[in-house]
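The values are calculated or read from the model by the stated rules, or taken from the named source; none is laboratory data. All values derive from a computational prediction rather than experimental measurement. Every residue, glycine as well, gets a Cβ built from its backbone with ideal geometry; the counts of neighbours run over all protein chains shown. The accessibility values were calculated without ligands, DNA or RNA, using every heavy atom of the protein model including side chains. Shrake-Rupley method; radii C 1.70, N 1.55, O 1.52, S 1.80 Å.
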Amino acid sequence: MDLLTFLAPLFLLFEVWQLVISERYLGLKQIARGADPRTLGLREVTAFFWSTTLFVYWAWMALLLFTRTGRSQGIALLAVSMLGFAIRRGAPLKWILVILTLEGAIRIGLLFALCAMLWWRHLR
């Protein structure tokens, strides 16, 4: 069993946390107010942990390509992330939350599938 794939539950929790933070800074209340999320600013500690975890997450996704058990999920996670970034880049601010939520939900599904696969293999 590849030890690298056992980090999937941690990144699953990170994805859920990321959706909560996205809703807080890009949510419907912010859109209705006409607030620009870039002016709201994250606390320095939150921004540090978020950025660091994103770098680790991307490195983990890339390393999944070299494992036997998580290769397909790694390819799908990278593809969803890159496609989501490409779509978000040209989208108006009001659509960013919708795109982020959909992208996060797909990644959560992929991570959940990886966790379920590991659990199933561990039981056998």
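Brief remarks on what is shown
- Taking every protein chain into account, the accessible area of the chain amounts to 67 square angstrom per residue (probe 1.4 Å).
- Shown for the chain are the DSSP H helices of 15 Å or more along their axis, judged by Cα atoms, with a mean Kyte-Doolittle hydropathy of at least 1.0: 8-26, 44-64, 93-123.
- If R0 is 35 Å, the Cβ-Cβ spacing of residue 33 and residue 79 corresponds to a FRET efficiency of close to 0.55.
- Taking amide hydrogens as placed 1.01 Å from N in the peptide plane, the amide H of residue 69 sits under 5 Å from those of 2, each at least 5 positions away in sequence or on another chain.
- With every protein chain in place, the chain: carbon and sulfur % of accessible area (1.4 Å): 71
- For region 77-124, the spread of Cα positions along the three principal axes, ordered from largest to smallest, is 48, 16, 6 Å.
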